1. Say each of THR35 and MET119 gets a label point 7 Å from the Cα, pointing the same way as Cα to Cβ; how far apart are those two points in nm?
2. By what distance, in whole Å, do the Cα atoms of the chain stretch along each of the three principal axes, largest value first?
3. Which length gain, in nm to one decimal place, applies between LEU297 and GLN543 when the Cα-Cα distance is subtracted from 0.36 nm times their residue separation?
4. Find out how many positive minus negative residues lie around GLY393, taking Lys and Arg as positive, Asp and Glu as negative, among other residues whose Cβ is under 12 Å from that of GLY393.
5. Quote the FRET efficiency, to the nearest 0.05, computed for ARG139 versus ASN335 with a Förster distance R0 of 41 Å and r equal to the Cβ-Cβ distance.
6. Any of LYS104/LYS358; LYS186/LYS358; LYS55/LYS126; LYS215/LYS454; LYS13/LYS352; LYS155/LYS472 with alpha carbons more than 18 Å apart? Name them for me.
7. Which ordering of TRP365, TRP349 is given by a fewest-first count of other beta-carbon atoms within 10 Å?
8. How much length, in nm to one decimal, is gained on full extension between ASP320 and LYS289, taken as 0.36 nm per residue of separation minus their Cα-Cα distance?
Amino acid sequence: MNKTMPKRSEVVKEDTWDLEKIYPSNLEVEQEFKTVEEMIAKIKEQQDTCLSSSKNLLSFLLLDSMISRKLDKLIVYSSMKSDQDKGDATYLALSGKVEQLSSKYQEAMAFFQPSLLKMDKEVITKYINEETGLSQFRRVLEQLFRYQKHTLSEKEEQLLSSFRSIFNASSKTSSLLRNADMLLGKVHNEKDEEITLRESTYSGLIESKNRSVRKEAFTTLYQAYASYKNTFASTYEAEVKLACTNAKVRGYDSSLSEALYDDNLEISVYQTLIDTVKKNFKPLYQYFKLKKEVLNLDEFHLYDAYVPLIEGESRKYSFDEAKNLVLSALSVLGNEYQEQLNHAFTDRWIDKYPNIGKRTGAYSWGCYDSLPYVLLNYNGNIDDVSTIAHELGHSMHSYYSRKYNTYEDHSYVIFTAEIASTVNELLFYQHMLKHSSSKQEKLEILSAMMDLFKSTIYRQTMFAEFEMFAHKSVEEGKVLTNDYLSDYYYQLNQEYFGKDVVVDDLIRYEWERIPHFYTPFYVYQYATGLSIASQIIKNINEQGSTYVEKYINFLKSGGKDYPIALLKTIDIDIEDSKYIESALELFQDVINQFIEVNKS
């Protein structure tokens with residue numbers, strides 16, 4: 001592990017990802033860029049004839065597919081090159097150029113969907129039947145026709161499209177307010193030094209073992225948000241009204257119906273999550289009670305919720321140790337999976353360590369024509385090892401999806417995206433608990449698992465319930481004042497934290513901090529993803545290799561079908577509450593294990 005942060009040029013080659021496998025040099029990038037520009041020009045040439053016959057339609061869709069694939073490569077390459085060193089102006093400029101090229105492509109293709117949907121679906125079906133090459137586009141075309149009844153006239157669609165940047169104004173305004181213009185105030189750190197509070201430093205302060213530090217940080221942060229309460233209420237009401245109006249104009253029953261339409265899901269899936277979680281608060285309340293006891297607090301306040309349970313210095317793991325732990329933990333997933341994981345480590349899928357200018361955090365990314373790369377900022381703690389398992393879950397899902405599907409069918413949706421990564425994370429934790437002889441290590445893992453369930457299932461479901469309330473209120477003609485929103489949010493916190501937790505009044509303003517609320521009905525998928533992963537782990541433990549084969553086939557399915565159908569192939573019915581109950585049972589089991597290990 002690197003003890004000092006090097007410049008990008010000083011990083012050992014073997015510790016970096018091999019982006020040259022996408023483009024060996026900038027010359028190839030420039031050639032690809034020119035090729036895409038020329039191909040975009042051909043869209044206009046075919047615009048008037050592309051729907052006139054099956055052969056013309058096939059020719060046009062093949063052109064579109066090739067442009068998309070090449071654009072994907074350019075976007076991935078330029079973005080990841082920039083992420084490895086944000087100070088490199090060359091790739092920052094390239095990213096900007098590629099973004100402009102992508103916009104040019106979107107503008108050129110804007111005519112296609114409205115034109116297609118003006119046609120009789122039977123004509124397109126006839127085209128597919130008479131031109132075998134169109135079979136690879138069958139699902140794409142069928143998906144487009146699902147939107148026929150929700151698509152406006154070409155003139156109306158163009159009008160709405162011209163207002164797109166204006167429609168994004170409320171989200172942009174709230175983001176600028178949170179991240180640039182708000183002054184949060186001054187607080188004291190653990191050395192009793194006065195510092196400026198920022199969103200980036202708040203997480204460290206709220207986890208402080210010094211209660212006065214975290215209380216001051218909590219109070220100062222939410223007092224700042226309280227002073228902007230009417231502005232945030234205005235921007236959020238505008239966002240909700242936009243979603244509700246768009247849904248109404250397009251003929252959806254509600255904004256929630258429109259949000260779920262992409263994945264062909266019923267509102268019952270969303271409602272089942274909320275109802276099931278609210279019937280199972282007992283493990284959550286026990287978790288808070290346990291935390292109060294371990295931290296030896298007279299009262300448990302909301303500013304106590306993020307303090308680590310474990311005292312003492314955590315063990316550090318070298319990258320080689322981490323690699324071996326991850327490989328061992330995931331060996332249960334079979335030979336092909338293990339073989340490709342080895343390639344991830346030996347064929348430079350992974351950019352391992354921090355360097356000056358490198359983007360923070362971690363992700364898995366790539367495209368149909370690249371490796372499924374992983375960006376890390378590995379520092380050697382147990383969370384970093386878990387992150388390797390998590391991100392390689394995404395990468396392996398992408399590997400299987402690309403290998404076993406055409407370009408048109410390979411891309412899996414967000415609803416299923418977090419499943420493979422969380423399965424890997426849970427398998428890693430399970431392996432560590434089984435093989436670790438250290439009490440400290442076991443308690444760290446169990447604590448991390450408890451936090452995962454608390455924050456991913458309960459907290460995200462609370463957010464989902466708040467969103468549903470806000471959107472339904474607007475659809476019923478109510479005004480989203482700050483008092484109206486904050487009073488409801490405070491009531492939700494009281495319900496989710498329970499009577500044994502002091503729900504501090506300032507938490508009523510926390511909803512203003514959540515940027516995901518400006519992407520309506522997104523957060524519930526975090527809760528469903530972990531719940532589904534928990535059921536998969538249970539099935540693997542009970543059924544062994546028989547179920548593993550089903551699970552690998554699920555990963556190979558990519559985007560061949562809608563989530564509800566794909567998940568049924570691994571015996572999970574997302575219209576039933578059992579998979580959520582399974583996750584909450586696992587949460588209870590983890591709490592029980594922590595209590596047992598802590599007493600030993």
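1. Distance between label points: 2.8 nm.
2. Rounded to whole Å, the extents work out to 76, 58, 51 Å.
3. This chain segment gains 84.3 nm when fully extended.
4. -3
5. For R0 = 41 Å, the calculated efficiency reads 0.85.
6. Beyond 18 Å between Cα atoms: LYS104/LYS358; LYS186/LYS358; LYS215/LYS454; LYS155/LYS472.
7. Ordered from fewest to most neighbouring Cβ atoms within 10 Å, TRP365, TRP349 come out as TRP365, TRP349.
8. Result for the pair: 7.3 nm of gain on full extension.
Rule-based calculations on the coordinates, nothing more; no lab input. These numbers were taken from a predicted model, which means no experiment stands behind them. Counting neighbours? That spans all protein chains shown, and the Cβs are built from the backbone with ideal geometry, glycine included.
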